[in-house]
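What follows is one structure encoded as structure tokens, with my remarks underneath.
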Amino acid sequence: MPRIFRHWMLWPALAMLLVFFLMPSVDILRASVMDPELTFRHFERFLERAVYMRVLWHTVEVSFVVAIVCAVIAYPVAYFIVQSPRRVQFLLLLLIFIPLWMSILIRSYAWMVVLGREGVINSLLMGAGLIETPVRMLFTTPAVYVAMIQILLPIQIVTCYSAMSDIDLGLVRAARVLGASPWEATRRVFIPLSLDGTITGMIIVFMLSMGFFITPALLGGRRDLLLANLIEFNVTQLNWGFAAAIALMLLLAAIVGIVVIRLAARLLLRALNGALAR
Amino acid sequence: MPFTDASSGESVRFEGVGKSYGDVDALVDFDLAVNPGELVTLLGPSGSGKTTALNVLAGFTQATRGRVLIGDREVQGLPPEKRDVGMVFQSYSLFPHLNVFDNIAFPLKLRGVSRKEIAERVEDGLDMIQMGDLGQRMPAELSGGQKQRVAFARAVIFRPPVLLMDEPLAALDLKLRESMQAEIRAYHQRLGCTIVFVTHDQNEALALSDRIAVMGDGKLAQIDTPQAIYDAPQSRYVAEFIGKTNLLEATVAGSDLAIPALELTLPVADLPAHSAKRDGPITLSLRPERIFRVCQGDAEAYPNFEARVEDALFMGDMVQYRLRLPDAQTLIVTERRDTGGARPTRGATVQLGFLPRDLTPIPEPS
Ligand SMILES: Nc1ncnc2c1ncn2[C@@H]1O[C@H](COP(=O)(O)OP(=O)(O)OP(=O)(O)O)[C@@H](O)[C@H]1O
Ligand SMILES: [Mg+2]
């Protein structure tokens, strides 16, 4: 059999990638420099106007914060689930999955109901006599953070859980009998072995955050718009070239972000192992 | 060389230890005393409580009753890391994110040993297991036997007075298992630590142990040297569990011993000296290799009887016959292949004999 036919099982997937990912990507790349003729003016505009760079920076910042907060919250939750008896694990995972079955749009609207002027929280607080006038929560940066973290948290928990459930708990016991206190065993064995999966989860959350636009549009203020909102705006204005240039800047920032996360993880691992890493 | 110093082993004692999981009793009134520096195997069928006993000793499981002592320290209630025992697991449990060197160094680092001393002792350890140049390999890059050696070195590098091994060789093939058994014996002599070794392989237990502790249903059935366990089992359970044997019901009446299955009556005085000779029923164990074919001329020299060959099983150096006695009981006989004469065929009737001193009376449970 000729070499090229050997991987025929991959062909459908490759064809999908080619048609639905690679070709559009090339198209965007072309649009960003060919609108209307070969030019870099879209990129120049992006780099020169402070507002675009500010939004880019804001997008990266929000995505990092969301990824880190999700990881910090999800790690102990996943640990708790992994330690539970099998049947309880199944139930807890089901609870984690339920919000994933609802669309982001609906969940963002739900947050408007919760955070609004006459929303659930304000009514409760005023009913209890704790505040006189409604607190402004909707259309603020914290609102965007809270909603994005709530929306993305299940993904991080599930990724962490699957990494942790692959760890042989016999290894932790081995560490104990060799002289490790519970914390030492966690630090030197459990955390290093679950770190890869956690980082994978962080990268997924980070990338999804970079592309968020419904949530900041519905819950945030003017200054909470993310790069994806700019893309959407320019597409509706039929500024195809500029929209494509923003998309490429977003892609570039995402790649840099992932590299930074990976490097940070490696440093963390080294710090955790302390004297163990020679 | 610090690594090869003989550390002094400590004694291990279980006193009336009980452990139940809900309504399952994994250990019942379990008593065991292991002398300092001794290699004792816990041998028993699946579910007899071997792993539970080891886990109670290592501190992974808390006993519901009784006392556990290492040396003269009572250890129940101490967490595993405070017990100072080494342990080798069936699945090796090497840390996959650390190389061989760091795996072996792990217990030393936790004990705050200096970098320089760690390097020296780990190098010694690597030499001992003949893996001197493999320190930088990751566990995934090792063969089963090599993993086993690393796990062993890691368990003894901090010179624990007691080493626990839970079926450490079960995952290896027969050849490797046998050579690892020899290695473990050699390390044991060199290190001098007390070893408690769990296995369900009786040949392994017979080959390795100073003494074997046979377990059944969470209890200690008998503890003795391999030879005594084999030659003088103290219960029907031990007799049937260790090696193959033929159990014969007999009756003592005065000075006569009647064995109806063989249609024989012997003088009671012919039984081994130490056995009880009270009147009444008695069970005798007769090992298959202690029965032999007799020619017509020898008929007077040994007690003998007739049996019909049912089948013959070829086992390399031995042939194992299954025979049927006149009263329909089956009997197993093994014979070395170089025994002269033609081999009896299926259905043939053969004349068999034995020495009365090979009849081992099994004490009845009191
Ligand atoms: N965590 C547990 N929960 C409930 N029952 C258990 C648990 N661990 C062991 N048992 C039960 O205790 C008994 C003894 O188990 P143990 O693991 O000590 O046997 P073992 O002699 O090591 O057997 P094997 O040769 O199969 O390893 C068994 O009946 C087992 O089912
Ligand atoms: Mg076991």
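The values are calculated or read from the model by the stated rules, or taken from the named source; none is laboratory data. The structure presented is a predicted model; accordingly, all values stated were derived computationally and were not measured. Virtual Cβ from ideal backbone geometry, glycine too; neighbours counted across all protein chains shown. For the accessible areas, the whole protein counts, side chains as well, though only heavy atoms, and no ligand, DNA or RNA atoms are used. Shrake-Rupley method; radii C 1.70, N 1.55, O 1.52, S 1.80 Å.
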**OP:** Quick one: in the range B:51-71, of everything that is open to solvent by 10 Å² or more (accessible area, probe 1.4 Å) and within 16 Å of ligand 2 (Cβ to nearest atom), which residue is nearest to the other protein chains (Cβ to nearest Cβ)?
**Re:** B:60
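Evaluate the following for residue B:40: is it surrounded by 17 or more Cβ atoms within 10 Å (Cβ to Cβ), under 24 Å from residue B:149 (Cα atoms), within 16 Å of ligand 1 (Cβ to nearest atom) and among the β-branched types (Val, Ile, Thr)?
On the way: surrounded by 17 or more Cβ atoms within 10 Å (Cβ to Cβ): yes; under 24 Å from residue B:149 (Cα atoms): yes; within 16 Å of ligand 1 (Cβ to nearest atom): yes; among the β-branched types (Val, Ile, Thr): yes.
Against the criterion (surrounded by 17 or more Cβ atoms within 10 Å (Cβ to Cβ), under 24 Å from residue B:149 (Cα atoms), within 16 Å of ligand 1 (Cβ to nearest atom) and among the β-branched types (Val, Ile, Thr)), residue B:40 qualifies.
Looking only at the range B:288-310, which residues are open to solvent by 80 Å² or more (accessible area, probe 1.4 Å) and outside any strand (DSSP E or B)?
Just the residues of the range B:288-310 that are open to solvent by 80 Å² or more (accessible area, probe 1.4 Å), to begin with: B:290, B:295-296, B:300, B:306, B:308.
B:290, B:295, B:296, B:300, listed by residue number.
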Original post:
How many residues, within the range A:113-133, are assigned to a loop (DSSP other than H, G, I, E, B), under 19 Å from residue A:215 (Cα atoms) and open to solvent by 70 Å² or more (accessible area, probe 1.4 Å)?
Top reply: 1
**OP:** Quick one: in the range B:172-207, of everything that is small (Gly, Ala, Ser) and either more than 13 Å from ligand 1 (Cβ to nearest atom) or open to solvent by 50 Å² or more (accessible area, probe 1.4 Å) (or both), which residue is farthest from residue B:45 (Cα to Cα)?
**Re:** B:192
Original post:
Looking at B:245, B:225, which is the one that is of a type in the set (S, T, N, Q) and crowded, with 17+ Cβ neighbours inside 10 Å?
Top reply: B:245
Subject >> Boolean, residue B:85 is open to solvent by less than 30 Å² (accessible area, probe 1.4 Å), within 23 Å of the chain's Cα centre (by Cα), more than 9 Å from chain A (Cβ to nearest Cβ) and of a type outside the set (Ser, Thr, Tyr) >> reply: no
**OP:** Give me a count of the residues in the range A:228-273 that are under 30 Å from residue A:188 (Cβ atoms), open to solvent by less than 50 Å² (accessible area, probe 1.4 Å) and out of contact with any Lys or Arg (no Cβ under 7 Å at 6 or more places or on another chain).
**Re:** 4
Original post:
Looking only at residues in the range B:159-191 that are more than 24 Å from residue B:113 (Cβ to Cβ) and within 16 Å of ligand 2 (Cβ to nearest atom), which one is farthest from the other protein chains (Cβ to nearest Cβ)?
Top reply: B:169
**OP:** Scan (1) within 17 Å of residue B:205 (Cα to Cα); (2) within 16 Å of ligand 2 (Cβ to nearest atom); (3) touching a Phe, Trp or Tyr at 6+ places or on another chain (Cβ under 9 Å) for the single condition residue B:19 breaks and write down its number.
**Re:** (1)
**OP:** Restrict the check to the range B:18-35 and report whether at least one residue is within 14 Å of chain A (Cβ to nearest Cβ) and either near ligand 1 (Cβ under 10 Å from one of its atoms) or over 20 Å from the mean Cα position of the chain (by Cα) (or both).
**Re:** yes
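Which members of the range B:64-79 meet the condition of being within 16 Å of ligand 1 (Cβ to nearest atom) and closer than 20 Å to residue B:197 by Cβ? Steps first, answer last, please.
Going through the range B:64-79, the residues within 16 Å of ligand 1 (Cβ to nearest atom) turn out to be B:64-66, B:68.
Listed by number, the list holds a single entry, B:68.
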**OP:** Kindly provide the set of residues from the range A:203-227 that are surrounded by 21 or more Cβ atoms within 10 Å (Cβ to Cβ) and under 16 Å from the mean Cα position of the chain (by Cα), ordered by number.
**Re:** A:205, A:206, A:209, A:210, A:212, A:215, A:216, A:226, A:227
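Could you say which residue among B:143, B:93 is of a type in the set (Ser, Thr, Tyr) and within 8 Å of chain A (Cβ to nearest Cβ)? Write out each step before concluding.
On the way: B:143 fails: within 8 Å of chain A (Cβ to nearest Cβ).
Of the residues listed, the single one that is of a type in the set (Ser, Thr, Tyr) and within 8 Å of chain A (Cβ to nearest Cβ) is B:93.
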Original post:
Which one is nearest to residue A:197 (Cα to Cα) among residues in the range B:102-115 that are open to solvent by 10 Å² or more (accessible area, probe 1.4 Å) and within 8 Å of another protein chain (Cβ to nearest Cβ)?
Top reply: B:102
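Identify the residue in the range A:42-86 that is among the basic types (Lys, Arg) and free of Cβ contacts under 8 Å to residues at least 40 places away in the same chain and, among all such residues, is least open to solvent (accessible area, probe 1.4 Å).
Narrowing the range A:42-86 to residues among the basic types (Lys, Arg): A:45, A:49, A:54, A:86.
In the following step, the residues that additionally are free of Cβ contacts under 8 Å to residues at least 40 places away in the same chain were identified as A:49, A:54, A:86.
Numbers: A:49: 120, A:54: 88, A:86: 177 Å².
Taking the candidates together, the pick is A:54.
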Original post:
How many residues does the range B:123-171 hold that are open to solvent by 10 Å² or more (accessible area, probe 1.4 Å), within 16 Å of ligand 1 (Cβ to nearest atom) and touching a Leu at 6+ places or on another chain (Cβ under 6 Å)?
Top reply: 1
Subject >> Pair list, Cβ < 7 Å and 6+ apart or interchain, from the range A:162-173 residues that are within 10 Å of chain B (Cβ to nearest Cβ) to residues that are assigned to a helix (DSSP H, G or I) >> reply: A:167/A:190; A:167/A:193; A:167/A:194; A:171/A:189; A:172/A:185; A:172/A:189; A:172/A:190
Original post:
Checking residue B:103 against (1) of a type in the set (S, T, N, Q); (2) within 26 Å of residue B:57 (Cα to Cα); (3) modelled with pLDDT under 95, which test does it fail?
Top reply: (3)
Original post:
All but one of (1) farther than 22 Å from residue B:257 by Cα; (2) in contact (Cβ under 8 Å) with a residue 12 or more places away in the chain; (3) exposed (fewer than 15 other Cβ atoms within 10 Å of the Cβ) hold for residue B:313; which doesn't?
Top reply: (2)
**OP:** Take residue A:96 and decide whether it is part of a helix (DSSP H, G or I) and at pLDDT below 95.
**Re:** yes
